[in-house]
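Have a look at the structure below before the remarks.
Bear in mind that the values in this text are calculations on the coordinates, not laboratory data. Source: prediction; values computed, not measured. Counting neighbours? That spans all protein chains shown, and the Cβs are built from the backbone with ideal geometry, glycine included.
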Amino acid sequence: MRMRARFDASHMLVATLVGVVLGVALPNRHVMPDDDARTLSVEPRANLAFPEKTMFGPYTCTADCSGHFAGWNWARENRLRDADQCRGSGSDSFFEGCMYFLKVTGRLRQEDYLQ
């Protein structure tokens, strides 16, 4: 019986490695429930490297972060679940705010975040 358990564990490890190599997504991310996501807010913070700049999450604001706030709020109010819904606004800061909301709430896949 002990050998069988070790055999099963090794098969699971091999299956996981094969899945990673083939690019199969393994569902391990936590997605925040809509009710919790609707109450989530973010505040801009100082950029430690450049004190004259303000950060909105990982993004540097050009002025008052209003574009980032607009994208964040739009994604939150419309309960977005997909990065494609953030595209096409014409504003980089709006897009970044929208994508950051998806990232924080667990709705953004890693491959979407890197595009």
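Among PHE56, VAL31, SER93, pick out the residue whose Cα is farthest towards the positive end of the charge dipole of the stretch 29-113, where Lys and Arg carry +1 and Asp and Glu carry -1 on C-beta, about the Cα centre.
VAL31
Report the full-extension gain for the segment LEU40 to GLN85: residue separation times 0.36 nm, less the Cα-Cα distance, to one decimal in nm. Don't skip to the end; give the middle numbers.
Numbers: separation 45, 0.36 × 45 = 16.20 nm, distance 1.90 nm.
Net length gain for the segment: 14.3 nm.
Applying a 10 Å radius around every beta-carbon, put 57-70, 33-46, 87-100 in order of their mean neighbour count, most first.
Packing order, densest peptide first, comes out as 87-100, 57-70, 33-46.
Given points 7 Å out from each Cα along the Cα-Cβ axis, report the VAL31 to THR62 separation in nanometres with one decimal.
Between VAL31 and THR62, the label points sit 3.3 nm apart.
Would you mind counting up the charge near PRO44? Only other residues with Cβ under 15 Å from its Cβ, with Lys and Arg at +1 and Asp and Glu at -1.
Neighbourhood net charge equals -2.
Viscosity 0.692 mPa s, temperature 37 °C: what is the translational diffusion coefficient of the stretch 29-113 from Stokes-Einstein with a Kirkwood Rh over Cα pairs, rounded to a whole number of µm²/s?
Diffusion coefficient, whole number: 254 µm²/s.
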